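Following: one structure in structure tokens, then a few remarks.
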Amino acid sequence: MRLGGRYRTAALIAALTVVSACHKHTHEDLQLMTTGCSTRGHAKGPQPRLPRAPTLKSGFGGVVGTVADAGGALPHYSVLATTPGNSFRASRASVVADSSGGFVFDGLTPGAYRLLVQPYNHRPDSTDIKISAGQVDTVELRPSFFGCVS
């Protein structure tokens, strides 16, 4: 049996009333119902924690950083450091974030790099940095949750 016109609208309102009786709606819920997208941080990880700065070898630089979204640390994701450009000969290095979302690059040759992370269900995030010999830079990578329902 198909409901038409007024009956369909009445049935939808009745269903929403029953469902909402036990649930407090938020702006986020309304956005999910109307557009199918959410900006809510869904990771429930620990507080991101910056690792200790590495001891550098002579002539090299380093980076310490965290990977986290609005809900907390995103542990165990790979972070890629690459020199800008699309060359196959471009320098590349990668590390895996620890259980607190922290990561360390401890042997990068001086120059320009792009750090990139692409966690599951998140938009990728990247940042450009310039590495200098004998210095350790600090970065935060903050990918945002996709949150769109298909």
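For this structure, a couple of remarks:
- With 0.36 nm allotted per residue and the present C-alpha distance subtracted, the Arg52-Ser78 stretch has 7.5 nm of extension available.
- What the Cβ-Cβ distance of Ser99 and Ile13 gives, at R0 = 30 Å and to the nearest 0.05, is a FRET efficiency of 0.05.
No value in this document is a laboratory result; all are computed from the given coordinates. None of the values given here were measured: they were computed from a predicted structure. Here the Cβ is made from the backbone with ideal geometry for all residues, glycine too, and neighbour counts use every protein chain on show.
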